[in-house]
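K.L.:
For reference, the structure I am asking about is given below.
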Amino acid sequence: MADPSRSPSENDQPFTPDGPPLPLPDGVVETPGPDTWYYLKANYLNESGEDVVGYLSPLGSNATQSFWDYVVMGGIGGACQFQLQDVDGRGWAKWLIKEDGNHLCLKATGWYYRASAYTSRFAIVDGKLYNDYWRGPAGAVYRSILVSSGYYVGQDLGDRVTLTNCELVPA
């Protein structure tokens with residue numbers, strides 16, 4: 001398991017896949033319909049350890065804000081709208097972001113961000129969000145030191161902070 005105390009870094013590079021994609025984990029895969037826009041709704045733990053509901057949202061809207069292209073858990077206001085594209089035979093899909101035309105992707109360090117290239121594929125299985133090249137489900141942790149404040153979403157953050165009850169809800 002990676003160090004869950006790690007934080008996003010300004011020199012994070014895009015994740016570059018190496019080898020074949022992973023198989024989907026066993027379980028019930030959420031398969032929404034095509035040509036529909038969705039919000040990703042999920043439960044995560046806040047700083048007080050309370051289970052709260054949030055939506056995958058952009059951290060910022062322009063490059064003047066540090067880490068503006070990362071995604072975080074937040075309220076429904078300003079949440080990303082996703083359309084699933086290029087669903088492969090295994091169930092993995094590219095997630096197009098309506099607001100800026102980018103795709104949901106990962107940095108090499110496992111943090112989620114909005115990217116125009118290096119698109120990764122994602123799937124929801126048994127209420128958890130997975131990526132096709134990074135083992136284990138996504139999680140969210142609060143960070144505010146040396147980064148813009150937010151509940152950053154990333155891979156390999158530990159079981160305690162795993163996003164749960166993930167679902168795509170029509171926008």
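K.L.:
Given springs between every Cα pair under 10 Å in a Gaussian network model of the chain, which of 52, 71, 125 has the largest fluctuation?
P.N.:
52
K.L.:
Run the accessible area of the stretch 24-145 with a 1.4 Å probe and give the carbon-and-sulfur part as a rounded percent.
P.N.:
Working: 2580 of 5440 Å².
That share works out to 47 percent.
K.L.:
Which value in nm describes the separation of the simple spin-label points at residue 90 and residue 24, placed 7 Å from the Cα toward the beta carbon?
P.N.:
1.1
K.L.:
Something else now. Taking 22 Å as R0, compute the FRET efficiency from the Cβ-Cβ separation of residue 64 and residue 98 and round it to 0.05.
P.N.:
Working: r = 22 Å, r/R0 = 1.01.
Step by step, r from the Cβ atoms, then E = 0.50.
K.L.:
Leaving out ligands and nucleic acids, note down the accessible area per residue over the chain with a 1.4 angstrom probe, in whole Å². Could you put the intermediate results ahead of the total?
P.N.:
On the way: 8240 Å² over 171 residues.
The answer is 48 Å² per residue.
K.L.:
Compute the projected area of the convex hull of the Cα atoms of the chain, averaged over all viewing directions, and report it in nm² to one decimal place.
P.N.:
On the way: hull surface 37.5 nm².
Reported value for the Cα convex hull: 9.4 nm².
K.L.:
In the Gaussian network model of the chain, springs joining C-alpha atoms below 10 Å, which of 149, 48, 120 carries the largest mean-square fluctuation?
P.N.:
48
K.L.:
Choose one of 95, 116, 134: the residue whose Cα lies farthest towards the positive end of the charge dipole of the stretch 70-143 (beta-carbon charges +1 Lys, Arg; -1 Asp, Glu; about the Cα centre).
P.N.:
The residue sitting farthest along the positive end of the dipole is 134.
K.L.:
Continuing with the same structure: Report the label-to-label distance for residue 16 and residue 46 in nanometres (one decimal), using points 7 Å from each Cα along the Cα→Cβ vector.
P.N.:
With each label placed 7 Å out from Cα toward Cβ, I get 4.2 nm.
K.L.:
Moving on to the next point. Taking the Cα centre of the chain as the origin, how large is its charge dipole in debye, to the nearest 20, when only Lys and Arg (+1) and Asp and Glu (-1) carry charge on their Cβ atoms?
P.N.:
The dipole magnitude comes to about 140 debye.
The values are calculated or read from the model by the stated rules, or taken from the named source; none is laboratory data. On a predicted model such as this, the values are computed, not experimentally measured, just so you know. Because the Cβ atoms are built from the backbone with ideal geometry, glycine has one as well, and the counts that use them run over all protein chains shown. With ligands, DNA and RNA removed, areas are computed over all heavy atoms of the protein, side chains included. Shrake-Rupley method; radii C 1.70, N 1.55, O 1.52, S 1.80 Å.
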